[in-house]
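The values are calculated or read from the model by the stated rules, or taken from the named source; none is laboratory data. Computed from a prediction, not measured in an experiment: that's the story for all the values here. Here Cβ is always computed from backbone atoms with ideal geometry, including for glycine, and neighbour counts include all displayed protein chains. These accessible areas exclude ligands, DNA and RNA; they are computed on the full protein's heavy atoms, side chains included. Shrake-Rupley method; radii C 1.70, N 1.55, O 1.52, S 1.80 Å.
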Amino acid sequence: MAGLGGGLAAFGRCTHAVVRALPESLCRQALRSVAGPEVDFARAEREYQLYVGVLRGKLGLQVLELPADESLPDCVFVEDVAVVCEETALLTRPGAPSRRKEVEAMKRALESLNLNIVEMVDENATLDGGDVLFTGREFFVGLSRRTNQRGAEILADTFKDYAVSTVPVHDSLHLKSFCSMAGPNLIAIGSSEAAQKALKTMQQMSDHRYDKLTVPDDAAANCIYLNVPSKGHVLLHRAPEEFPDSAKVFEKLKDHMLIPIAATELAKVDGSLTCCSVLINKASE
């Protein structure tokens with residue numbers, strides 16, 4: 001969810017979501033950090049449709065669905081190719097060269113929403129949106145296998161109203177492989193040593209004190225918080241059948257409308273909940 005913005009009062013507010021359909025090439029050709037079982041395409045498709053259905057049907061967002069591209073097996077993971085904050089969209093330069101053409105369709109979609117588009121053209125820069133955590137107050141950018149210092153600098157130049165701090169990411173693909181915002185001022189964080197170390201770095205870098213929600217499973221710490229006018233605090237989180245212990249932790253959030261969503265198949269190729277959408281809060285025209 002590399003989007004949202006407009007000050008703390010608007011944190012989590014969202015009017016539009018950009019998503020992208022799954023190509024069948026995902027099953028055999030998508031990048032993955034560890035070898036494992038092949039993706040079941042039919043099941044992945046069902047999980048994806050449920051996800052999009054929640055955004056569109058349950059939460060009332062205007063969903064722009066881009067077509068799948070069989071030549072881009074990772075294209076469903078739209079979060080990595082754009083960071084949107086308020087009316088500005090930074091088109092990234094993904095760390096994996098095979099993913100760089102994914103930016104083209106995203107650019108057209110964001111132009112159709114009349115956002116201010118900034119393109120990352122520096123060939124020394126890499127940035128994946130999965131490494132960008134926006135808290136409503138500031139940005140944390142993971143320095144990972146996919147994102148480098150130059151990418152973080154360009155993000156800081158693009159969003160000058162916000163502080164930007166970098167966080168080393170080890171043993172995970174992205175910063176948001178083990179953390180996300182679970183509410184205003186609330187960071188969901190995994191229990192692994194790497195996740196806790198990254199949280200400590202974020203705490204040291206920030207002038208602000210965040211609340212934290214620690215879940216047993218790193219992958220479950222990737223959730224989507226939305227502030228929906230008719231529904232209040234909404235949290236999309238990984239399903240209890242996937243991570244029962246983490247789901248129990250989310251159930252403690254009594255002020256939130258909790259929506260469990262399975263991502264079993266996309267998780268096989270390093271996917272998570274935030275990966276599959278770019279969320280945008282468009283001011284009323």
**Prompt:** Do we find a residue being among the β-branched types (Val, Ile, Thr), open to solvent by 20 Å² or more (accessible area, probe 1.4 Å) and either outside any loop (DSSP other than H, G, I, E, B) or at positive phi (or both) anywhere in region 22-42?
**Reply:** no
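Residues are listed down the side, and each one gets a yes or a no for (1) open to solvent by less than 10 Å² (accessible area, probe 1.4 Å); (2) touching a Gly at 6+ places or on another chain (Cβ under 6 Å):
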site: Leu143; (1), (2): no, no
site: Ala152; (1), (2): yes, no
site: Leu175; (1), (2): yes, yes
site: Phe178; (1), (2): yes, yes
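Name the one entry in Glu87, Glu45 that is out of contact with any Asp or Glu (no Cβ under 9 Å at 6 or more places or on another chain) and more than 21 Å from His233 (Cβ to Cβ).
Residue meeting the stated conditions: Glu87.
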Of the residues in region 207-254 that are free of Cβ contacts under 8 Å to residues at least 40 places away in the same chain and touching a Gly at 6+ places or on another chain (Cβ under 7 Å), the one that is surrounded by the fewest Cβ atoms within 10 Å (Cβ to Cβ) is Asp217
When region 73-92 is checked residue by residue, the ones that are open to solvent by 10 Å² or more (accessible area, probe 1.4 Å) and without any contact (Cβ under 8 Å) to a residue 60 or more places away in the chain are Pro73
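Out of the residues in region 262-279 that are hydroxyl-bearing (Ser, Thr, Tyr) and assigned to a loop (DSSP other than H, G, I, E, B), which is least open to solvent (accessible area, probe 1.4 Å)?
Keep residues of region 262-279 that are hydroxyl-bearing (Ser, Thr, Tyr), which gives 264, 272, 274, 277.
With the extra rule that they be assigned to a loop (DSSP other than H, G, I, E, B), the set shrinks to 272, 277.
Values: Ser272: 18, Ser277: 0 Å².
This residue is Ser277.
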Listed by first then second residue, the pairs whose first member lies in region 117-137 and is more than 17 Å from Leu8 (Cα to Cα) and at pLDDT 95 or above, whose partner is of a type in the set (Asp, Glu) and open to solvent by 40 Å² or more (accessible area, probe 1.4 Å), with beta carbons under 8 Å and at least 6 positions apart or on separate chains, are Ile117/Glu111; Ala125/Glu153
_Condition (residue is modelled with pLDDT of 95 or more, more than 30 Å from Asp122 (Cα to Cα) and part of a strand (DSSP E or B)) applied to region 144-164: is it met by at least one residue?_
no
